[in-house]
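What follows is a set of notes on a single structure, which appears directly below.
The values are calculated or read from the model by the stated rules, or taken from the named source; none is laboratory data. Predicted, not measured: the structure shown is a model, and the values here were computed from it. Positions of Cβ are backbone-derived with ideal geometry, glycine not excepted, and every protein chain shown enters the neighbour counts.
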Amino acid sequence: GQSLEQPSEVTAVEGAIVQINCTYQTSGFYGLSWYQQHDGGAPTFLSYNGLDGLEETGRFSSFLSRSDSYGYLLLQELQMKDSASYFCAVAGFQKLVFGTGTRLLVSP
Amino acid sequence: SAVISQKPSRDICQRGTSLTIQCQVDSQVTMMFWYRQQPGQSLTLIATANQGSEATYESGFVIDKFPISRPNLTFSTLTVSNMSPEDSSIYLCSVVDRGRDEQYFGPGTRLTVT
């Protein structure tokens, strides 16, 4: 089977840095993606790691270690608008399997 | 990026009835995906819809309950049949941009079954 585990909730203050971890067990692994979803909205793509290492996109970075079946999303200079749910997702053959999701609450 | 629209955006239905959800994409895509997301939960893949062939269903989902049509490369429908309150959920369609390893989602259809 496939499973992706994330912390259920993370809290932080504006301007801080937060890391959301994702551990996975899956077959047919091609890469790890991250999606953001605001309440009532559709998921939107944040980043993709096909190879080990760090990918940086503005305030967001994502890391993958295939040998550890582990990745994380790093959010810097947190803003109130970053309050949302964040999902890791394993890209397998012709489909995407989503993790359990992490609700991020950013306070002033 | 792909722009996806869904109809209806929401509906309230009685148990035992069926609802067909439409998904329209602004470009031609090979595969379209249907997901279900229950309140406060993650996204669960229902099936993958390929044009010209039968949909591929994930474990726990069957064609009799969730028939899918894919008449062309820009359109798909998902029917939720013989609904029960347990089918209350958000249903999302999605397409993938292989060149960018990104998946795009429609705005979702919020279904409530009473």
Considering only the stretch A:54-108, state which residues are within 10 Å of chain B (Cβ to nearest Cβ), at positive phi and of a type in the set (S, T, N, Q).
A:94
When the stretch A:1-38 is checked residue by residue, the ones that are of a type in the set (Val, Ile, Thr) and modelled with pLDDT of 95 or more are A:10, A:11, A:13, A:17, A:18, A:20, A:23
Turns out the strands (runs of 3 or more DSSP E) fully within the stretch A:9-95 with at least 2 residues that are among the acidic types (Asp, Glu) and surrounded by 18 or more Cβ atoms within 10 Å (Cβ to Cβ) are none
Among the listed residues B:113, B:29, identify the single one that is touching a residue at least 40 places away in the same chain (Cβ under 8 Å) and within 24 Å of residue A:93 (Cα to Cα).
B:29
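Listed here are the residues, each with its yes/no results for (1) closer than 22 Å to residue B:97 by Cβ; (2) at pLDDT 95 or above; (3) out of contact with any Lys or Arg (no Cβ under 9 Å at 6 or more places or on another chain).
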{"position": "A:52", "(1), (2), (3)": "no, yes, no"}
{"position": "A:60", "(1), (2), (3)": "yes, yes, yes"}
{"position": "A:73", "(1), (2), (3)": "yes, yes, yes"}
{"position": "A:79", "(1), (2), (3)": "no, yes, no"}
{"position": "A:88", "(1), (2), (3)": "yes, yes, yes"}
{"position": "A:99", "(1), (2), (3)": "yes, no, yes"}
Selection from the stretch B:1-29 of residues aliphatic (A, V, I, L, M), under 23 Å from residue B:103 (Cβ atoms) and surrounded by fewer than 12 Cβ atoms within 10 Å (Cβ to Cβ) yields B:3
